[in-house]
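Notes follow once the structure below has been shown.
The values are calculated or read from the model by the stated rules, or taken from the named source; none is laboratory data. On a predicted model such as this, the values are computed, not experimentally measured, just so you know. As a convention, Cβ positions derive from the backbone with ideal geometry for all residues, glycine included, and neighbour counts pool all protein chains shown. Areas reflect the complete protein model, heavy atoms only, side chains present, ligands, DNA and RNA absent. Shrake-Rupley method; radii C 1.70, N 1.55, O 1.52, S 1.80 Å.
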Amino acid sequence: MIIIIIGLIVLLVIGVVVVNAMQQHKAKQEQERRAQSAKYKAIIDESEELIVNLNNLPPSPVLIEILNRRSLNAAKAMRQLTPASKHVKQKVQELEAALESSKNASSNQSADETFILPDNEQQLVSILQTIKKLRAMLKSEQSKGALDAQSYGQQDLRLDAMQLKIGVESIISRGQKAYSKEMLGSARQYFEKALQTLMSHPHQSEYTRVKRSEIESQLEDITDALKTTNAKDAAKKAKDEENDLDMLFQPKKKW
């Protein structure tokens, strides 16, 4: 009898341990599922935010298509994790429609390379942040095999050109402001920095060639202006010294 009781107790303990282990395993799976779902949702949210921010850049139907496909892939992965979720199913359908629409747009509309920089400094910073996020996104999609190497190269090169233009034009703008205030030394430093940025850039283009020529011409004007200013300063200094000598050696008045 005692043996039977001991056996029942052992079985009960084993049962409790097994049930507890199963509950812990289930809880862990649920935690991992939620973490994965949150990760995919973050991808969708980021992609949609980037699409909105693309309004500040030249139109790029291909980029919108890439972002919509990225969101759709994430939504489909969420659907596998939560097949009973009506919200996720609806999101997949919406993104499938959005992707189809962006495919049609990218096949019928060419990318516009016209890019006018805003005067507002905060807007420039926001655009730069968007470009950096887009380039990181493209690299991630390419490394995952979701984007072919040719498409990645084309879009990354285009974004790189925008990033270069923002940097160079911002420096030039500061140089022009300094020049207008006759701060020639500061102006020269700005233009030299812009020139160095263009010369060291790995991808030379028509923009880099034209802008280099413009900056070199501006630097020549600054050099000439500095020479003129230095000559005037030297002449003024010589005149002041001459006046000082005249005052020193002029005949003393007799009382």
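Assorted remarks:
- Candidate set: the stretch 29-64, residues that are of a type in the set (Val, Ile, Thr) and free of Cβ contacts under 8 Å to residues at least 60 places away in the same chain; chosen: the one most open to solvent (accessible area, probe 1.4 Å): VAL52
- Number of positions in the stretch 174-209 that are hydroxyl-bearing (Ser, Thr, Tyr) and either closer than 27 Å to ALA136 by Cβ or touching a residue at least 24 places away in the same chain (Cβ under 8 Å) (or both): 6
- Residue check, LEU157 touching a residue at least 40 places away in the same chain (Cβ under 8 Å) and surrounded by fewer than 14 Cβ atoms within 10 Å (Cβ to Cβ): yes
- Verdict on THR197 being surrounded by 11 or more Cβ atoms within 10 Å (Cβ to Cβ), at pLDDT below 90 and not aliphatic (A, V, I, L, M): no
- Lone qualifier among GLY175, GLY145, GLY185 - being of a type in the set (Gly, Ala, Ser), modelled with pLDDT under 95 and in contact with a Leu (Cβ under 9 Å, 6 or more places away or on another chain): GLY185
- Condition check for MET183: aliphatic (A, V, I, L, M) and open to solvent by 40 Å² or more (accessible area, probe 1.4 Å): yes
- Boolean, LYS132 is of a type in the set (D, E, K, R), assigned to a helix (DSSP H, G or I) and surrounded by 13 or more Cβ atoms within 10 Å (Cβ to Cβ): no
- Selection within the stretch 18-28 - over 43 Å from the mean Cα position of the chain (by Cα), aliphatic (A, V, I, L, M) and open to solvent by less than 90 Å² (accessible area, probe 1.4 Å): VAL18, VAL19, ALA21
- Test: residue in the stretch 218-225 that is among the small types (Gly, Ala, Ser), open to solvent by less than 30 Å² (accessible area, probe 1.4 Å), touching a helix residue (DSSP H, G or I) at 6+ places or on another chain (Cβ under 7 Å) and without any contact (Cβ under 8 Å) to a residue 24 or more places away in the chain: no
- Test set (1) open to solvent by 60 Å² or more (accessible area, probe 1.4 Å); (2) under 16 Å from the mean Cα position of the chain (by Cα); (3) within 22 Å of VAL168 (Cβ to Cβ) - LYS139 fails condition number: (3)
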